[in-house]
1. Please compute the contact order of region 134-194 in relative form: average sequence separation of alpha-carbon pairs under 8 Å and at least six residues apart, divided by the residue count, as a percent.
2. Given a cut-off of 19 Å, name the pairs among 235/290; 25/253; 55/93; 161/253; 64/93 whose C-alpha atoms lie farther apart than that in the structure shown.
3. Placing +1 at every Lys and Arg Cβ and -1 at every Asp and Glu Cβ, with all other atoms neutral, what dipole size does region 58-113 have around its Cα centre, in debye to the nearest 20?
4. What length, rounded to one decimal in nm, is gained on full extension from residue 49 through to residue 1, with 0.36 nm per residue of separation minus their alpha-carbon distance?
5. Only Lys, Arg, Asp and Glu count, each charged at its Cβ (+1, +1, -1, -1), so figure out the dipole size of the chain about its Cα centre, rounded to 20 debye.
6. Provide, as a two-decimal number, the C-alpha radius of gyration of the chain over 2.2 N^0.38 Å, N being how many residues it has.
7. Where in the chain are the DSSP H helices whose C-alpha atoms run 30 Å or more along the long axis and whose mean Kyte hydropathy is at least 1.0?
8. How much length is gained if the chain between residue 153 and residue 287 is pulled fully straight, taking 0.36 nm per residue apart and subtracting their Cα-Cα distance, in nm to one decimal?
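Laboratory data are not the source of any read-out in this text; all were calculated from the coordinates shown. Note that the coordinates shown come from a computational prediction; the quantities given were computed from them, not determined experimentally. Using ideal geometry, Cβ is built from the backbone for each residue, glycine included, and neighbour counts are taken over all protein chains shown.
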Amino acid sequence: MFRGTFTALVTPFRTGDVDFAAFEKLIESQIAAGITGLVAVGTTGESPTLTHDEKHEIIERTIKIAKGRCQVIAGAGTNSTRDSIEATKFAEKAGADGALLVAPYYNKPSQEGLFRHFKAIAEATKLPIMLYNIPGRCGIDIGPDTVVRLAQSCRNIVSIKEASGSVERVAELRRRLPNQFTILSGDDGLTLPFMSVGAAGVVSVASNLFPSELCALVRACESCDFKSAENLHRKMGPIFKDLFIEPNPIPAKTALAWRGAMSFEVRLPLCEMTEANQARLRKTLEEFEKAK
């Protein structure tokens, strides 16, 4: 269901409001580059600081602009099961191709609580669901046993965005899950190693800036051309690293602003990059462009 290159879209702002003109141009550039899908209102889209109305409009606009030219996955996960169900139902009604459901953060449920949370959401919708495991942000890990149990119990839980940083975890999941259940890398820098042990693509931050290159990397892995994939991985490695020298999506939006694609704006508690980190990022981007 979900395989390939998906861009975790940033949300452009201008003078405090969502800049939908810049957002549409970003989406069009992604589709022109051959992206498989778009993820709207995820963490990279600053979902914690978007209002419910803004989230709804961003999802609706993404679907409308995409016009079926690529898949659209709506970020619908919260740490409230009721709120997540409502968000997923909205995504389904709006016409999304799937919902991305992050592990409940802050309240730190048990594995049984995680299972019941995701199962309740799955039972409330017909949308295909992509789980999102990112222990570093959520303080909770969706254990392999729980993922397998969910895949067995819920036919519409069909994928997981895995951002635990563990190649061993991906290999275990691939071994234990049905072939049709896909695993996507949640870290640009781990796309190559994850795909080498069975992942089917990436949900990418870097593709906001370099969609063609990320698509090429994933295609190379899909065709088992790991030499070409390794060359791309090496060239892009410094970018993958420096897009996270400050909290995501600050560096990505800064780089997009340098291109004139949108403003630098992020919403508090995020703030602008330090001058030193801006200089580092600019140098990394310039070196990459020279090497192309």
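1. 35
2. Long pairs (Cα-Cα over 19 Å): 161/253.
3. Using Cβ point charges on Lys, Arg, Asp and Glu, region 58-113 gives about 260 debye.
4. Length difference between fully extended and current span is 14.3 nm.
5. Dipole about the Cα centre, nearest 20: 600 debye.
6. In units of the globular-protein estimate, the chain measures up at 0.94.
7. Qualifying helices, which must be both long enough and hydrophobic enough, do not occur.
8. 43.4 nm
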